[in-house]
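Following: one structure in structure tokens, then a few remarks.
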Amino acid sequence: MITYPVVEKFVSINGEGQKAGLLSAFLRMKGCNLSCNYCDTSWANEADCPYQELSEEEILAWLAQSGVKNVTLTGGEPLLTKQIGRLIEMIGHAGFETEIETNGSISLAPYDTLSCRPAFTMDYKCPDSGMEQAMLPSNFSLLSSKDTIKFVVSSIRDLDRAREICEQYHLSERCPIYLSPVFGRINPADIVEYMIKNHWNEARIQLQMHKFIWPPDIRGV
């Protein structure tokens, strides 16, 4: 029997991306291959993090019981999970709309051709994250209008790099571009001023909605 290492499952609003504000059923998978210095879910990456091994049947039953049509697979890094493509297909064939929150370091190619292709909300880790060297630019060619590229920014230097990447790979022609400030590190007003100064019409700023509705460090929301 195939099982999946789930550290959290809960229903909440989607806090970011194209579906921000909509209800979603979240499945947070254990483990990540990166260690961004601003990570707010690092606890899910620890070797001794408690988790449940849930079968496909248990996951589908929970999703059906939730009454929510949107499903978000997150982490950690969900694309590291064994047989995740199979789970994506099963969730899609059950009638749910699936979104994958991925860190930008794992190839999207195996999932781009699935019959129930998910929507990708893909990060690009900017210099201040300490993880930019792990990014996989080949993923950019697989993004479409249903996907999102998200730059989590800590500084003006990060914004400069994000704009450079967007211009180099013509990302505005592929998918929406989101700028997400690291909570407590950069003033969102500074991002807006940067967008105005550089006439960055294609990008949009997005605050992590759930961190304003609930305490920033609370889990399960």
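The values are calculated or read from the model by the stated rules, or taken from the named source; none is laboratory data. These numbers come from a predicted model, not from an experiment. Please note: Cβ atoms are built from the backbone with ideal geometry, for glycine as well, and neighbour counts cover all protein chains shown. For accessibility, only protein heavy atoms count, side chains too; no ligands or nucleic acids. Shrake-Rupley method; radii C 1.70, N 1.55, O 1.52, S 1.80 Å.
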For this session: Can you tell me what the convex hull of the Cα atoms of region 14-59 projects to on average, as an area in nm²?
Result: 4.7 nm²
Exercise. Using mean Cβ contacts within 10 Å as the protection proxy, how do 14-21, 199-206, 175-182, 73-80 order, highest first?
Worked result: 73-80, 175-182, 14-21, 199-206
Exercise. Hey, any idea what % of region 21-141's accessible area is carbon plus sulfur with a 1.4 Å probe?
Worked result: 51 percent
Seminar exercise, completed: With only helices counted (DSSP H, runs n ≥ 4, each -39500 (n - 2.57)), the per-residue ellipticity at 222 nm for the chain, to the nearest 500, works out to -6500 deg cm²/dmol
Problem set entry | Whole-number percent relative contact order across region 1-124, with pairs defined as alpha carbons under 8 Å at least 6 apart | 25 percent
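Based on the Cα gyration tensor of region 1-129, what are the three equivalent ellipsoid semi-axes, each the root of five times an eigenvalue, rounded to whole Å and given largest first?
Details: eigenvalues 91, 56, 46 Å².
Sorted largest first and rounded, they come to 21, 17, 15 Å.
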Exercise. What number, in nm² with one decimal, is the all-direction average of the projected area of the convex hull of the alpha-carbon atoms of region 75-126?
Worked result: 3.5 nm²
Exercise. Stokes-Einstein D for region 109-207 at 20 °C, 1.002 mPa s, Kirkwood Rh over Cα pairs, in µm²/s?
Worked result: 154 µm²/s
Problem set entry | Relative contact order (%) - the chain, alpha-carbon pairs under 8 angstrom, separation at least six | 19 percent
Problem set entry | Listed pairs LYS69/LYS197; LYS30/LYS197; LYS150/LYS197 exceeding 32 Å between Cα atoms | LYS69/LYS197; LYS30/LYS197
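Just to be sure I understand: of the beta bridges DSSP finds with both ends in the chain, what percent are antiparallel, rounded to 5?
Roughly 30 percent of the DSSP beta bridges within the chain come out antiparallel.
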Problem set entry | Under 18 Å from the Cα of LYS82 - aspartates and glutamates, other chains or at least 8 residues apart | GLU8, GLU46, GLU53, GLU56, GLU57, GLU58, GLU99, GLU101, ASP112
